[in-house]
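The values are calculated or read from the model by the stated rules, or taken from the named source; none is laboratory data. Being a predicted model, the structure only gives us computed values, none of them experimental. Counting neighbours? That spans all protein chains shown, and the Cβs are built from the backbone with ideal geometry, glycine included.
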Amino acid sequence: MTAVSQRIPTSIATERLVLRLFAPSDLDDRYAYQSLPEVARFLYRPPLTREGCAESIAARAGGTAWQADDDVLLLAVCRADEPGVIGEVVLTLTNARARQAEIGWVFDPRHAGQGYATEAARALASLAFGQLGVHRVFARLDALNTGSARVCERLGMRREALLIDNDLDGDRWGTECVYAILAREWSD
Ligand SMILES: CC(C)(COP(=O)(O)OP(=O)(O)OC[C@H]1O[C@@H](n2cnc3c(N)ncnc32)[C@H](O)[C@@H]1OP(=O)(O)O)[C@@H](O)C(=O)NCCC(=O)NCCS
């Protein structure tokens, strides 16, 4: 059985995108989308404050080890043809022993509908299954978050669970979908 690898590249290039670690100078770009109520709508937390954005950039800008439960790789997503951050993807090692990782994505709505989230998520899942030795990648999302479900489906992830009313989003009962894909099912 392969151990989860610790090697984390600092930059990944795709056809149209560059994924890289956040830098403090990305604060304005990140805050522009993370502060939007419509972006936070299904995240079970309020929009981020400017201070919250800065704190998480500072915490993640140096990269991460990829070894222990709850290690997190947060990558800024940039278009290759213009400056600025258009979104982010995140991979969390939820169970190092069993090589399970949760994937997530948040994008600036000004760059929606062009396949960027899917392209970035595909690159991150490839990294997970390739260099990082992950066995299973999963995503958890609100059942009403149809845009996010479509990203999962474009990646070839399987809907494995529908957890009815398993959380509270303010005073609304939230129903959670779990999507997943295994290393042996993944093809780039
Ligand atoms: C979830 C989220 C990333 C999805 O954004 P998105 O723009 O729908 O996803 P993509 O960037 O992959 O774009 C896909 C769309 O672009 C279209 N598209 C256009 N050109 C394309 C191209 N060249 N390649 C691929 N897709 C293309 C696709 O057809 C698709 O549209 P459809 O879903 O209507 O069929 C976005 O809604 C978001 O950030 N939401 C807020 C945060 C959030 O809820 N995150 C998830 C928490 S679980």
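Only one of the listed residues (GLU88, GLU38, GLU15) is of a type in the set (Asp, Glu), surrounded by 11 or more Cβ atoms within 10 Å (Cβ to Cβ), modelled with pLDDT of 95 or more and within 14 Å of the ligand (Cβ to nearest atom). That residue is GLU88.
Residues that are without any contact (Cβ under 8 Å) to a residue 60 or more places away in the chain, part of a helix (DSSP H, G or I) and out of contact with any His (no Cβ under 9 Å at 6 or more places or on another chain) within the stretch 126-135 comprise just one, ALA128. Once the stretch 136-159 is narrowed to residues that are in contact (Cβ under 8 Å) with a residue 40 or more places away in the chain, of a type in the set (A, V, I, L, M) and near the ligand (Cβ under 9 Å from one of its atoms), the residue that is farthest from GLU102 (Cα to Cα) is VAL151.
Do the conditions hold for GLY130, that is, is it over 15 Å from the mean Cα position of the chain (by Cα) and more than 9 Å from the ligand (Cβ to nearest atom)?
Values: over 15 Å from the mean Cα position of the chain (by Cα): yes; more than 9 Å from the ligand (Cβ to nearest atom): yes.
Spelling it out, GLY130 is indeed over 15 Å from the mean Cα position of the chain (by Cα) and more than 9 Å from the ligand (Cβ to nearest atom).
Look at (1) farther than 20 Å from LEU182 by Cβ; (2) touching a His at 6+ places or on another chain (Cβ under 6 Å) and you find that ARG99 fails only one, number (1).
Considering the stretch 138-188 alone, what residues qualify as being among the basic types (Lys, Arg) and in contact with a Ser or Thr (Cβ under 9 Å, 6 or more places away or on another chain)? Break it down stepwise before answering.
Restricting attention to the stretch 138-188, the residues satisfying the condition of being among the basic types (Lys, Arg) are 140, 150, 154, 158-159, 172, 184.
Residues satisfying the conditions are ARG150, ARG154.
Number of residues in the stretch 41-55 that are surrounded by 18 or more Cβ atoms within 10 Å (Cβ to Cβ) and more than 14 Å from the ligand (Cβ to nearest atom): the value is 1.
Scan the stretch 105-125 for residues that are of a type in the set (A, V, I, L, M) and in a loop (DSSP other than H, G, I, E, B) and jot them down. Write out each step before concluding.
Residues of the stretch 105-125 of a type in the set (A, V, I, L, M): 106, 112, 117, 120-121, 123-125.
ALA112 - this is the single residue of the stretch 105-125 that is of a type in the set (A, V, I, L, M) and in a loop (DSSP other than H, G, I, E, B).
Restricting attention to the stretch 145-188, the residues that are more than 20 Å from the chain's Cα centre (by Cα), under 28 Å from ASP108 (Cβ atoms) and surrounded by fewer than 11 Cβ atoms within 10 Å (Cβ to Cβ) add up to 2.
Scanning the stretch 135-174 for residues that are among the β-branched types (Val, Ile, Thr) and touching an Asp or Glu at 6+ places or on another chain (Cβ under 9 Å) gives VAL137, ILE164. Within the stretch 95-109, the residues that satisfy the criterion of being within 16 Å of the ligand (Cβ to nearest atom) and free of Cβ contacts under 8 Å to residues at least 40 places away in the same chain are ALA101, GLU102, ILE103, GLY104.
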